[in-house]
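The values are calculated or read from the model by the stated rules, or taken from the named source; none is laboratory data. Nothing here was measured: the structure is a model prediction, and the numbers come from that model. Methodologically, a virtual Cβ is constructed for each residue, glycine included, from the backbone with ideal geometry; neighbour enumeration extends over all protein chains shown.
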Amino acid sequence: MRKVAYSLRRRLLGWLLVSTAIIGCVALADTYREAINTANIVSDRVLSGSALAIAERVVVAENGTLEVDIPYVALEMLTSAAQDRVFYRVDGPNGQFLTGYQNLPSVNGLQGDSPRYMDGVFRGEPIRIAGLRRFASTGINSVPFTVTVAETTIARSRLARAIILRSALRLLLMILGAAAIVWVAVTISLRPLYRLSEAIDERSPDDLHPIRQSVPVEVENLVETVNSFMVRLQSALDALRHFTGNASHQLRTPLAIIRTQLALAARAQTLEEAKAAAKKGDASVAHAEHILAQLLRMANIDAAGSGEKQSLIAVDLVSLAQSVTADFVPSAADADIDLGFEEVEPATVEAEPLLLRELLGNLISNAIAYAGRGSEITVRVRKIDGRACLEVEDNGIGIPPEKRAVVRQRFARGEGNVAPGAGLGLAIVEEIATLFKAALVLEDGAGGQGLKASIRF
């Protein structure tokens, strides 16, 4: 089941909004804390000013007691916030209540001249309390007293909420602006990908040339991977077309012969004529099978050469050459050819054993086919300048030096050659050798007679 595609633009925008929302919540929490502190600082100054105004009106009476004359300005300061209610309390020495709201909570631990603040609850409402300690002078000694002023926190809370709401509004506008910028930026940034998609879509199915479109750095690796894939695909298609063309061309003649022999067998007057036609048809079938097998080998070699690196192992050339040579001894004997093996010195190479056997088999079969009856063929393993060398030498008719470059090509055959074949033997050998970073060398045999084919690793 195909997975549902997702939008890169929406995903980036989603991540932006989520991250910005988290950061915004943290920022709003910090802003709210700062707003409360700011509101407390502003309102606390009013509370402390009112407490100081009340403290200035505390005096010692003639009888030694404290009297309090609450000034109007102090009350006016406390009632400046119409939505809040204010409370006050004045206590004399030893906590003696003098005036105000007796049940109003007081601030404990007052020391020095600086006011102290605390939060509390009075009559079921949250309040902010300011406490101040002062002394009233009698001329002889000083009488201590405390002033407590409190107000409800409605105005403070409203101020804090107003600050947080304005901050939230600014943050929301910032998020929306960032989202719009990201949407536009991503759209502009993705235009090279859109152009890349259009360029690929406009291509014909046969156009597998590398993509030359300008793309962002982040997408270059993807484009390089696609180009590499297209190159491999082009190689595979070329190999397929090559194989198809070669197969149709090389099989046309044997198939025509088979059809002709079948027609002759159908019109034969005697059993001997029918058998002769069938024999020729069978030979053509065998020839076609041989050609097809070689074409398949070439296709496999092409695929191996254009694909990933081969898994090579250490191969004992002596053991492999002995085994392959032994396999061809019966066919060499049938052709009246003396086939033998000679070990000059041991050698080991890094190769794929099956392909290496195919290489040596093609060299030996070519020598058997073209050396001529009564010839000698020697398979030899040696080292030249410290490098392994595999040789197949015969004393047959050989190949002129000016023709040796031609016979390496696919479907190339020597002039006047009547041996059955498709001209693929040496081409297969050279391409397998190339896979193993070896080289095929064709030169005269011993005494300038015949041909020596060497694979030098």
- line: Leu176 meets each of (1) assigned to a helix (DSSP H, G or I); (2) surrounded by fewer than 18 Cβ atoms within 10 Å (Cβ to Cβ); (3) in the same structural domain as Asn40 (by TED's automatic domain parsing); (4) not β-branched (Val, Ile, Thr) with one exception, condition (3)
query: Of all residues in segment 1-29, which are among the polar types (S, T, N, Q) and modelled with pLDDT under 80?
result: Ser7
- prompt: Quick check: is even one residue across segment 253-275 within 24 Å of Leu359 (Cβ to Cβ) and either at pLDDT 70 or above or of a type in the set (Lys, Arg) (or both)?
  reply: no
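How many residues are over 17 Å from Val349 (Cα atoms), in contact (Cβ under 8 Å) with a residue 12 or more places away in the chain and not aliphatic (A, V, I, L, M) when one looks only at segment 432-446? Step through it out loud before you land on a result.
Kept after step one, since they are over 17 Å from Val349 (Cα atoms), are these residues of segment 432-446: 441-446.
Filter once more, so that each one left must be in contact (Cβ under 8 Å) with a residue 12 or more places away in the chain: 441-442, 444-446.
Adding the requirement that they be not aliphatic (A, V, I, L, M) leaves 444-445.
Of the residues in segment 432-446, 2 are over 17 Å from Val349 (Cα atoms), in contact (Cβ under 8 Å) with a residue 12 or more places away in the chain and not aliphatic (A, V, I, L, M).
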message: Tally up the residues in segment 7-20 that are in contact (Cβ under 8 Å) with a residue 24 or more places away in the chain and exposed (fewer than 12 other Cβ atoms within 10 Å of the Cβ), please.
response: 0
field: Tally, over segment 327-361, of residues that are of a type in the set (Val, Ile, Thr), surrounded by 14 or more Cβ atoms within 10 Å (Cβ to Cβ) and in contact with a helix residue (DSSP H, G or I) (Cβ under 7 Å, 6 or more places away or on another chain)
entry: 2
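Every residue, every condition in (1) on the phi > 0 side of the Ramachandran plot; (2) within 24 Å of the chain's Cα centre (by Cα); (3) at pLDDT below 80, yes or no:
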{"position": "Ala168", "(1), (2), (3)": "no, no, no"}
{"position": "Met174", "(1), (2), (3)": "no, no, no"}
{"position": "Ser189", "(1), (2), (3)": "no, yes, yes"}
{"position": "Tyr194", "(1), (2), (3)": "no, yes, yes"}
{"position": "Arg203", "(1), (2), (3)": "no, no, yes"}
{"position": "Gln213", "(1), (2), (3)": "no, yes, yes"}
{"position": "Val219", "(1), (2), (3)": "no, yes, yes"}
{"position": "Ala236", "(1), (2), (3)": "no, no, yes"}
{"position": "His249", "(1), (2), (3)": "no, no, yes"}
message: For Arg382, only one of the following conditions fails: (1) charged (D, E, K, R); (2) in contact with a Cys (Cβ under 6 Å, 6 or more places away or on another chain); (3) modelled with pLDDT under 80. What is its number?
response: (3)
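Yes or no, residue by residue, for (1) assigned to a loop (DSSP other than H, G, I, E, B); (2) of a type in the set (Phe, Trp, Tyr); (3) within 17 Å of Glu431 (Cβ to Cβ):
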| site | (1), (2), (3) |
| --- | --- |
| Pro330 | no, no, no |
| Arg357 | no, no, yes |
| Gly361 | no, no, yes |
| Ile364 | no, no, no |
| Gly374 | yes, no, no |
| Ile377 | no, no, no |
| Val381 | no, no, no |
- request: Output the residues belonging to segment 179-195 that are aliphatic (A, V, I, L, M) and loosely packed, with under 12 Cβ neighbours inside 10 Å.
  value: Ala180, Ile181, Val184, Ile188
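When only residues in segment 196-245 that are outside any loop (DSSP other than H, G, I, E, B) and basic (Lys, Arg) count, which is surrounded by the fewest Cβ atoms within 10 Å (Cβ to Cβ)? Steps first, answer last, please.
Taking segment 196-245 as the starting set, the residues that turn out to be outside any loop (DSSP other than H, G, I, E, B) are 196-201, 217-245.
Now drop any that are not basic (Lys, Arg), which leaves 232, 241.
Numbers: Arg232: 15, Arg241: 10.
Among those that are outside any loop (DSSP other than H, G, I, E, B) and basic (Lys, Arg), it is Arg241.
Could you list, in sequence order, the residues of segment 25-71 that are among the small types (Gly, Ala, Ser) and in a helix (DSSP H, G or I)? Can you show your working first?
Filtering segment 25-71 for residues among the small types (Gly, Ala, Ser) gives 27, 29, 35, 39, 43, 48-51, 53, 55, 61, 64.
Result: Ala27, Ala29, Ala35, Ala39, Ser43, Ser48, Gly49, Ser50, Ala51, Ala53, Ala55.
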message: Can you tell me how many residues within segment 402-444 are modelled with pLDDT of 75 or more, surrounded by 20 or more Cβ atoms within 10 Å (Cβ to Cβ), in contact with a Leu (Cβ under 8 Å, 6 or more places away or on another chain) and assigned to a loop (DSSP other than H, G, I, E, B)?
response: 0
message: Which condition from (1) closer than 18 Å to Glu430 by Cβ; (2) in contact with a Ser or Thr (Cβ under 9 Å, 6 or more places away or on another chain) is the one that Asn395 breaks?
response: (1)
query: Would you call Arg156 among the basic types (Lys, Arg) and assigned by TED's automatic domain parsing to the domain that holds Gly124?
result: yes
